[in-house]
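The values are calculated or read from the model by the stated rules, or taken from the named source; none is laboratory data. Fair warning: this is a prediction, and the values are worked out from it, not measured in the lab. Note that we place each Cβ from the backbone using ideal geometry, even for glycine, and neighbour counts take in every protein chain shown. Only protein heavy atoms, including side chains, enter the accessible area calculation; ligands, DNA and RNA are left aside. Shrake-Rupley method; radii C 1.70, N 1.55, O 1.52, S 1.80 Å.
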Amino acid sequence: MRKSLLVSFIGKAGKEEGGYKKTCYKFEDGFTYESSFFTVVMHAYLRKKENVKPDLLIVGTTGSTWSELFGLSESEEVFKVAQDLEKGFSNEKLKQMEKSLSESLGVSVKLLAIKDNPPQVLEICEEVLKVLSEVDYEEIFYAFLRFEHFDDLQKPKNFKIRTFYGFLEYTNKDGTKPAYELTQISQLLDTASALSLLMTTGDFRVYYEQMGKGDLAKEVYYRKLEELLKFHPSESQCYLHKKVNPLLCELRAEYLDESMVNRAKFFADKGQYLKAIVLLYEAFLVLICRKQNRHDCNKYNTREELRNTLRQRDKKFEFLSHLRNTIVHGSQPKGKYSGKIQRILCSEEEFRKVFKEYLDYYRQLKEEVIQ
C-alpha cells in the first residue's frame with residue numbers, strides 16, 4: 001500500500017436537533033458518505049475506494065468542533081475522548097485525541113489547533129512542511145470546502161498531489177452534495193512548481209515535461225531553443241507560460257559556450273556567483289575548443305590538455321582556474337592567488353567585479369574567434 005497523507009481543515013459544525021448537522025457527499029464514481037465534516041468523508045473515500053490508509057494532518061482552531069473526529073474511528077476510546085473534548089477545548093485533550101486516533105487507525109495522526117483570529121498561516125505552512133520532511137510520502141491528498149484555502153497550498157517536491165473539493169454550496173437532485181477531484185487545480189499546482197524551479201535555476205526541463213514537451217526540452221537543453229519558443233500551451237496555462245519565453249530568449253544561443261555564458265549571467269543576476277563563475281570557466285574551455293575547431297571537447301583528456309595549456313599561457317585564465325577550483329572543492333585558497341581569492345569569497349561586490357571582468361574577457365576572445 002502506497003504511503004500517503006491526507007491534509008485537511010476542520011471548522012465549526014452547525015448544530016441541529018439531535019446533534020451536529022450532517023451532509024451527505026457524492027463522489028463522481030457514485031460513492032456517498034455522510035458526516036459533519038468533509039475530512040471524515042474524504043478519509044472514508046480513500047480507505048474504501050482508493051485502498052489507501054493515509055496519515056492525517058488536520059488543521060483547525062481552538063474553536064473547531066474537534067469532537068466530531070470520532071467519526072474517523074469506531075474505537076470506544078476515541079469516542080470517550082471526543083465526549084471530553086465536547087465539554088471544552090484544551091491542548092491536553094487534543095493530544096489525547098491525536099494519540100487515540102493514531103492507535104485506532106494504525107497511522108500517524110497530527111492535529112494542529114491554531115488561534116481563532118487571525119488565522120496563523122505561517123504556523124500552518126511550517127507544520128505541514130515539518131510533517132512532509134519527516135516521511136517520504138508518495139501521494140498527498142488535500143481536502144477543502146472553500147476555494148480560499150488554495151492560497152495556503154505549498155507544493156513540496158517529489159510528491160504527487162491530488163486535491164478534492166466538497167461542494168457545499170450546491171445540491172444534487174438526490175439531495176447529496178458533490179465531491180470533486182480537482183484535477184486541473186492539481187495540474188496547475190504542478191506547473192506552478194515547475195515554473196518556480198525554472199525561474200530559480202534556469203532549468204526548464206521539468207516545466208516542459210509538465211507541458212508534454214519533456215523529450216524536446218532535454219534534446220535542446222543547451223542550445224537551439226527555437227522549437228520550445230514556438231510552443232503554445234492550453235488557454236488555462238497561458239498566464240503562467242507568459243513568463244517563460246522571455247527567459248528562454250535570454251538563454252538562447254548558437255554555440256554551447258554562448259549558452260553557458262548566458263546561464264552564467266542568469267545566475268549572476270540572482271547573486272549566485274559561485275554557479276556563475278564555474279559556468280563561465282567551462283565556457284572558456286568550450287570556446288577555445290571551438291576556436292581550434294576541435295570536436296572532442298567533451299573528453300576528459302582534451303579538457304585537461306586545454307586547461308593546462310591555458311594556465312601556462314594566460315595569467316587571467318590561470319587565476320580563473322584557481323578561483324573555480326576553490327569554489328568547486330570548497331577548499332581554503334592556497335598559493336600566490338590565495339589573498340585575492342579570499343577577498344572575493346568574502347565580498348559579493350568583489351564577486352560582481354570579477355564576474356564582469358571575465359565576462360568582458362570572454363567577449364574579447366569570442367570576437368577573435370569570429371575574425
Has the stretch 80-96 got at least one residue that is within 34 Å of the chain's Cα centre (by Cα), over 25 Å from I140 (Cβ atoms) and surrounded by 15 or more Cβ atoms within 10 Å (Cβ to Cβ)? yes
List every residue pair whose Cβ atoms lie under 7 Å apart, where the two residues are 6 or more positions apart in sequence or sit on different chains, the first residue falls within the stretch 246-258 and is farther than 24 Å from C297 by Cβ, and the second residue, located anywhere, is surrounded by fewer than 16 Cβ atoms within 10 Å (Cβ to Cβ) and among the charged types (D, E, K, R). none
Can you run down the residue pairs with Cβ atoms below 6 Å, 6 or more apart or on separate chains, where the first is in the stretch 340-352 and under 17 Å from H322 (Cβ atoms) and the partner is of a type in the set (V, I, T)? I341/T326; I344/V354; E350/I344; F351/I344
Which ones in the stretch 56-76 are hydroxyl-bearing (S, T, Y) and crowded, with 23+ Cβ neighbours inside 10 Å? S64
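For the stretch 286-339, enumerate the residues that are among the small types (G, A, S) and farther than 23 Å from L256 by Cα.
Taking the stretch 286-339 as the starting set, the residues that turn out to be among the small types (G, A, S) are 321, 330-331, 335, 338-339.
Scanning the stretch 286-339 gives G330, S331, G335, S338, G339.
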Of those in the stretch 31-49 that are without any contact (Cβ under 8 Å) to a residue 24 or more places away in the chain and surrounded by 16 or more Cβ atoms within 10 Å (Cβ to Cβ), the residue farthest from the chain's Cα centre (by Cα) is Y33
Any residue at all in the stretch 296-314 that's in contact with a helix residue (DSSP H, G or I) (Cβ under 8 Å, 6 or more places away or on another chain), within 28 Å of L198 (Cβ to Cβ) and in a helix (DSSP H, G or I)? no
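Across the stretch 197-213, what is the number of residues that are free of Cβ contacts under 8 Å to residues at least 60 places away in the same chain and either part of a loop (DSSP other than H, G, I, E, B) or open to solvent by less than 10 Å² (accessible area, probe 1.4 Å) (or both)? Write out each step before concluding.
Start the filter on the stretch 197-213 by keeping residues that are free of Cβ contacts under 8 Å to residues at least 60 places away in the same chain, which leaves 197-199, 201, 203-213.
Add one more test, that the residue is either part of a loop (DSSP other than H, G, I, E, B) or open to solvent by less than 10 Å² (accessible area, probe 1.4 Å) (or both), and what stays is 198, 203-204, 207-208, 211-213.
Qualifying residue count for the region: 8.
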